[in-house]
Amino acid sequence: MIILLSRLCRPRLALLNGVTALAGYGYALFPAPFTPIPFLAAFCGVTLLAMGGSAINQVLERDIDALMTRTMLRPLPQGRLSATSASIIGACAILAGLVLLATTGGILPTLLGGAALVWYLAVYTPLKPRTTLALPFGALCGAFPPLIGWCLAGGTPADYRIIILAGLLFIWQIPHFWLFQELHEADYRRAGIPLATNRRALIGLWIAALAVAALMLPAFGLLNRPGALLAALFPVPLVLLSLARSRFLFTYLNLFPLLLTLALFFNNCI
């Protein structure tokens with residue numbers, strides 16, 4: 001049962017969303033004293049929303065998942081869970097996440113969490129099998145977790161600092177997903193999902209944009225020394241791996257949200 005739930009809710013991906021929520025929360029809170037309950041609520045609430053969203057997404061995409069080697073072992077294509085059961089599990093996780101955000105952060109983080117889910121399930125998911133332009137719409141979902149954490153800590157969504165931080169994660173998702181498509185190109189073609197042409201050139205452009213955007217953190221005062229040094233060093237291997245077309249580029253990009261969160265916390269604790 002644990003394996004079924006893990007494949008349905010994809011906890012590793014969900015935890016990554018929770019980590020980026022902590023980045024927004026921790027930065028908004030500093031230099032106020034650390035308060036563990038809202039901190040945990042930001043992490044657990046966003047993680048639960050992501051897990052629930054994954055379950056509902058698999059209900060919507062169960063026919064596509066059955067065609068792809070990467071996803072055919074998920075519970076719905078295998079027939080080990082019904083669509084109704086998976087929907088109930090997803091709805092319970094979503095409800096728990098929304099309640100957690102509402103009781104600790106009020107209406108705004110809750111609305112943002114709900115909006116992220118609606119956008120992911122009602123906009124991005126239907127667009128994905130229809131057009132390559134679905135990706136920028138889907139990337140917007142990744143900008144929500146730090147914004148939710150920021151607002152839960154009392155920050156305003158119009159603050160330029162959280163706009164930069166959320167924008168950075170939006171940019172990161174696009175080359176990250178295109179590299180993921182390269183790794184599983186045969187699967188996507190088998191499922192009839194349209195793939196962008198000249199993808200490698202586009203990846204290079206977005207990698208360059210991410211490298212420049214990372215330097216905005218110290219330039220706009222989001223990071224001071226020594227956190228600024230981490231932000232300055234991050235683009236170096238990113239660009240080198242991209243120019244070398246190294247298979248480690250995808251792995252390095254996977255680490256970016258964690259490195260970003262650590263840099264913000266390290267910066268604020270020194």
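The values are calculated or read from the model by the stated rules, or taken from the named source; none is laboratory data. It should be emphasised that the depicted structure is a prediction, and the values quoted were computed from it without experimental measurement. Cβ: placed from backbone, ideal geometry, glycine included. Neighbour counts: every protein chain shown.
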Please find, within segment 130-148, the residue that is nearest to P218 (Cα to Cα) out of those that are in a helix (DSSP H, G or I) and touching a Pro at 6+ places or on another chain (Cβ under 8 Å).
L147
Residue pairs within 6 Å by beta carbon, gap of at least six or interchain, first lying in segment 240-255 and in contact (Cβ under 8 Å) with a residue 24 or more places away in the chain, second polar (S, T, N, Q) and not in a loop (DSSP other than H, G, I, E, B), listed first then second, are L249/S242
Mind listing whichever residues of segment 201-234 are in a helix (DSSP H, G or I) and either among the β-branched types (V, I, T) or modelled with pLDDT under 80 (or both)?
I203, I207, V212, G227, A228, L229, L230, A231, A232, L233
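Just to be sure, is R245 of a type outside the set (D, E), out of contact with any helix residue (DSSP H, G or I) (no Cβ under 6 Å at 6 or more places or on another chain) and closer than 20 Å to L135 by Cβ?
Working: of a type outside the set (D, E): yes; out of contact with any helix residue (DSSP H, G or I) (no Cβ under 6 Å at 6 or more places or on another chain): yes; closer than 20 Å to L135 by Cβ: no.
Against the criterion (of a type outside the set (D, E), out of contact with any helix residue (DSSP H, G or I) (no Cβ under 6 Å at 6 or more places or on another chain) and closer than 20 Å to L135 by Cβ), R245 does not qualify.
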Which one is surrounded by the fewest Cβ atoms within 10 Å (Cβ to Cβ), of the residues in segment 186-200 that are assigned to a loop (DSSP other than H, G, I, E, B) and of a type in the set (G, A, S)?
G192
Among the residues of segment 74-88, write down those that are touching a residue at least 12 places away in the same chain (Cβ under 8 Å) and either buried (at least 21 other Cβ atoms within 10 Å of the Cβ) or not in a helix (DSSP H, G or I) (or both).
R74, P75, L76, R80, L81, A86
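Residues in segment 170-185: is at least one more than 18 Å from the chain's Cα centre (by Cα), at pLDDT below 80 and not in a helix (DSSP H, G or I)?
Taking segment 170-185 first, the residues more than 18 Å from the chain's Cα centre (by Cα) are 182-185.
With at pLDDT below 80 added as a condition, the list becomes none.
Looking through segment 170-185, none of the residues is more than 18 Å from the chain's Cα centre (by Cα), at pLDDT below 80 and not in a helix (DSSP H, G or I).
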Exactly one of these conditions fails for W150: (1) surrounded by fewer than 16 Cβ atoms within 10 Å (Cβ to Cβ); (2) out of contact with any Leu (no Cβ under 7 Å at 6 or more places or on another chain). Give me its number.
(1)
Considering A122, A158, A134, A153, which residue is free of Cβ contacts under 8 Å to residues at least 12 places away in the same chain, within 21 Å of the chain's Cα centre (by Cα) and over 28 Å from R7 (Cβ atoms)?
A158
